[in-house]
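Chemist: Below you'll find the structure I mean.
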Amino acid sequence: MTFTITPHASPVSAQAREKALEDPGFGRVFTDHMVTLRWSAAQGWHDGKVTARAPIAIDPAASVLHYAQEIFEGMKAYRTAKGDIVLFRPDKNANRFARSAERLAMPVIPEALFIQAVEALVKIDKDWVPSGAGSLYLRPFMFASEAFLGVRPAQEYLFCVIACPVGPYFKGGDKPLKLWVSDKYTRAAPGGTGAAKCGGNYAASLIAQAEASEHGCDQVVFLDAAEHRWIEELGGMNLFFVMSDGSIVTPPLTGTILPGITRTSIIDIARDMGMKVTEAPYSMDQWRSDAESGKLSEAFACGTAAVVASIGEIVSSSGSFRVKNASGATVASKLKEQLVGIQKGNIADSRGWVRKI
Ligand SMILES: *Cc1c(COP(=O)(O)O)cnc(C)c1O
């Protein structure tokens, strides 16, 4: 597919861009361009464009506005010390986007086309990729654009990619997270959409996030919907538990947990570093007793946006407890250093994870 490229007529000046890149925060500053691509039952994928980033006009009857047929991805472009711009495992994002599309009864965008669209945006907005600790967060997404109020999979979709330069995800920087355990709300049920990256999952998690904020917490720990006992994940990050004997446990992908690319990469890195990693159910009661007995030495959350974040305290309606998290050379910090080192080109990429643009 060839994308029609119409560069922005008045892009942000180099000076204003440099200023914006100094402290971009997360998800507030956007680049000059966007990529759009349409799908219809009659034409399949067509009308690929790179244009100035601008509002999208949609019909008020577009089915996404009524039945939430929408999916997205989150990935980053990094500038290496050598000055190259790279993506990290974009094939994994393409593949997960395809699985999300299937779950939401949407058309699948082929892996090569997905990567081509993402690369087209990074290429035209390459000056927006921060050097140093920042990166360019990429947000591919797709929604049902057909104007039709009947309930069935739409016949028309818009796929779009936008980008924003980002610094640290959490305002507190590396401060350990304080988590709220929701006993009232769940994120995903067996047979539901928990393993798909769809906007609806986030919409349903916001009330629990608000509850967490009311309790002075940063994020929510979601438990399984059936027993309210097993730890699943945070609203947008997977969880790892490090035992004092050095072994690591992470909840298994049973269909209610989002299969994080950071999660799977950390499992591989940890195993290659000689650590024992088990994907096994871990209960809230176990977490508390392991933290109290000292069997648990660290807990951390991970995802593309926040990378690796240590967990310091867990709060629930039945009281709170702390995780030791010895400062300095924690397992979390060693794993993060490896992962970021590969992404930034400072550590050799022996697994073929990095793709140069
Ligand atoms: C995106 C996401 C993650 C993290 O996935 P990564 O591929 O590591 O960024 C974890 N949980 C949820 C619910 C997510 O949406």
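Chemist: Percent relative contact order of the range 231-357, based on C-alpha pairs within less than 8 angstrom and at least six residues apart?
Modeler: Relative contact order, the range 231-357: 24 percent.
Chemist: Then there is this: Excluding same-chain residues fewer than 8 positions from Lys197, which lysines have a Cα within less than 21 Å of its Cα?
Modeler: Qualifying lysines at Cα under 21 Å: Lys76, Lys92.
Chemist: Answer with one residue from Met75, Pro11, Ile314: the one whose Cα lies farthest towards the positive end of the charge dipole of the chain, charges on Cβ with Lys, Arg +1 and Asp, Glu -1.
Modeler: Sorting the options by dipole projection puts first Pro11.
Chemist: Around Ser297, what is the net charge, scoring Lys/Arg as +1 and Asp/Glu as -1 over all other residues with Cβ under 10 Å from its Cβ?
Modeler: Neighbourhood net charge equals -1.
Chemist: Considering only DSSP beta bridges where both residues belong to the chain, give the percentage that are antiparallel (nearest 5).
Modeler: In the chain, DSSP labels about 85 percent of beta bridges as antiparallel.
Chemist: Please name which of Val108, Pro24, Val50 has its Cα lying farthest along the dipole of the range 4-166 towards the positive end, using unit charges on Cβ (Lys, Arg +1; Asp, Glu -1) and the Cα centre as origin.
Modeler: Going by the charge dipole, the pick is Pro24.
Chemist: Out of the trypsin sites (Lys or Arg not before Pro) in the range 255-294, which ones are loop residues according to DSSP with at most 15 other C-beta atoms within 10 Å?
Modeler: Listed in order of number, the matching sites are Lys276.
Chemist: Shifting gears a bit: Return the percentage of antiparallel bridges among DSSP beta bridges fully within the range 177-344, rounded to the nearest 5 %.
Modeler: Percentage antiparallel, nearest 5: 65.
Chemist: Provide Rg and Dmax in Å for the range 177-344, with only Cα atoms included in the calculation.
Modeler: 15.0, 42
Chemist: Report P(r) for the range 4-166: all Cα-Cα distances, bin width 10 Å, range 0 to the bin holding the largest distance, values in whole percent.
Modeler: Going out from 0 Å in 10 Å bins, the range 4-166 shows 10, 37, 34, 15, 3, 0 percent.
Chemist: How big is the Rg/Rh ratio for the chain, C-alpha atoms only, Rh by Kirkwood, two decimals?
Modeler: Radius of gyration relative to Kirkwood radius: 0.97.
Chemist: Rounded to the nearest 500, what is the 222 nm mean residue ellipticity of the chain from helices alone, with -39500 (n - 2.57) per DSSP H run of 4+ residues and division by all residues?
Modeler: -8000 deg cm²/dmol
Every read-out reported here was derived from the displayed coordinates using simple, explicitly stated rules and does not represent laboratory data. In this text the structure is predicted, and so the values were computed from the model without any measurement. FYI the Cβ positions are ideal-geometry reconstructions off the backbone, even for glycines, and counts take in every protein chain you see.
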